[in-house]
């Protein structure tokens, strides 16, 4: 999962891109990069770290030009420790292309071999984004056959990319001297939207908040399979480049990943989370009588809208019982779960007065490994809670995600091959209430009837691209980032990028 942005303007864009990346920081905190173009020359700066740390004044001054793009990275494949895998990526032929990518290719290994053996193109990293860039470059070269680039050639190349590439991808690319290209996979799994400012500048980005925070009016989302080509003079051309485009956005964007003030594919993320709370209320009532719950307490941050709606519907007081330390950031970890527990204690602290002698219902947006949930339940008990119930606004996470979210392997998922009662025993709460899959889909889908379905594989095991087998999942997991070496990031629930931390 990453955040990407591209801008075409008549004024310098370095500050605009920087500001947009700050608004997308929740989508990736491991690396950041910006490329700008002046005349036909690219200027790039990228490095590991947060946006505010990667870009200093001297770096910004070295990024002239009125067209550019940027990315914040949260790695799910490749080498998390490699500076070379920070984006954007660059190839010099044809024309000169730089690209940023949000998503995950499920056939990257086969494509890498194809690029080497058939297309005779070299990739120098383990990143699937570099593979995607080289596929795009090869198809652009084929479409133009050495002639100057026309928009029809761009769309022909994107059609060919759709036929070769599998998985999820929202892409923004800059073609030297010609313009900016944005396109989305045929299922629209990862988000991408476009907007315009009062002076006619155009911005493409992962979330509407990046546009609106820079005074760009959101015009629409890029459609699944669609390509948008913005010439350097601001002329916009669009074309549907997939024969079977259908809107199946990732439902985990609404559950957790996106900022609540974003609108994605016509759905308010905040309203989606309110609806999840409303749907969850029915599940809570059937498990724990409301008169046995004294207070409802959210686990910061993304669960707040669901918890507030749940409390209002059940007529139970909503209180803040945990304070999150916003300044810990990513932590160095040692092998094993002990360090993960320490990380949770560093990032959350209980307000004892809200727990003492009470039956509390904790609400989280989702439960992945369960280690964090177990520690938080224990924190509530240590703070004096009489009984601790736990409700998840999302269904059990039972399957790995292969489309760009760093979901663990099945063996690390607390819900895999366990009943709800068995999960409750592992976590240690007095009652455990989950959202159901159909309820989640209906709650969010009701906000836009135009959404044909959702990519919800981590909950229902259905992979919308239709090309994922157990063997594929095993191969993708082998390429996942992580490990226990010094310097690895903490991937506990509380360390994943969170909207309110941006």
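Residues in the range 415-431 include at least one that is within 23 Å of the chain's Cα centre (by Cα) and over 30 Å from residue 291 (Cα atoms). Is one or more of the residues making up the range 208-218 surrounded by fewer than 17 Cβ atoms within 10 Å (Cβ to Cβ) and closer than 27 Å to residue 435 by Cα? No - not one qualifying residue is present in the range 208-218.
The residues on offer are 137, 157, 116, 147, and the sole one that is assigned to a helix (DSSP H, G or I), surrounded by fewer than 23 Cβ atoms within 10 Å (Cβ to Cβ) and in the same structural domain as residue 218 (by TED's automatic domain parsing) is 116.
Counting only helices (runs of 4 or more DSSP H) that sit completely within the range 346-452, those holding 2 or more residues that are more than 17 Å from residue 280 (Cα to Cα) correspond to 371-382, 420-427.
Kindly evaluate residue 152 against the criterion of being surrounded by fewer than 24 Cβ atoms within 10 Å (Cβ to Cβ), part of a loop (DSSP other than H, G, I, E, B), in the same structural domain as residue 26 (by TED's automatic domain parsing) and out of contact with any strand residue (DSSP E or B) (no Cβ under 8 Å at 6 or more places or on another chain). In short, no. Looking at the range 259-273, is at least one residue outside any strand (DSSP E or B), farther than 25 Å from residue 23 by Cα and out of contact with any helix residue (DSSP H, G or I) (no Cβ under 6 Å at 6 or more places or on another chain)? Scanning the range 259-273, I find no residue that is outside any strand (DSSP E or B), farther than 25 Å from residue 23 by Cα and out of contact with any helix residue (DSSP H, G or I) (no Cβ under 6 Å at 6 or more places or on another chain), so the answer is no. Of the residues 305, 300, the single one that is at pLDDT below 95 and buried (at least 19 other Cβ atoms within 10 Å of the Cβ) is 300. In the range 67-79, the residues that are assigned by TED's automatic domain parsing to the domain that holds residue 98 and closer than 15 Å to residue 53 by Cβ form Cβ pairs under 6 Å with partners that are at pLDDT 95 or above and surrounded by fewer than 23 Cβ atoms within 10 Å (Cβ to Cβ), at six or more places apart or across chains, as follows: 72/25.
The values are calculated or read from the model by the stated rules, or taken from the named source; none is laboratory data. Only a predicted model underlies this, so the values are computations on that prediction, with no experimental measurement involved. Cβ coordinates were reconstructed from backbone atoms using ideal geometry, including for glycine residues, and neighbour counts include every protein chain displayed.
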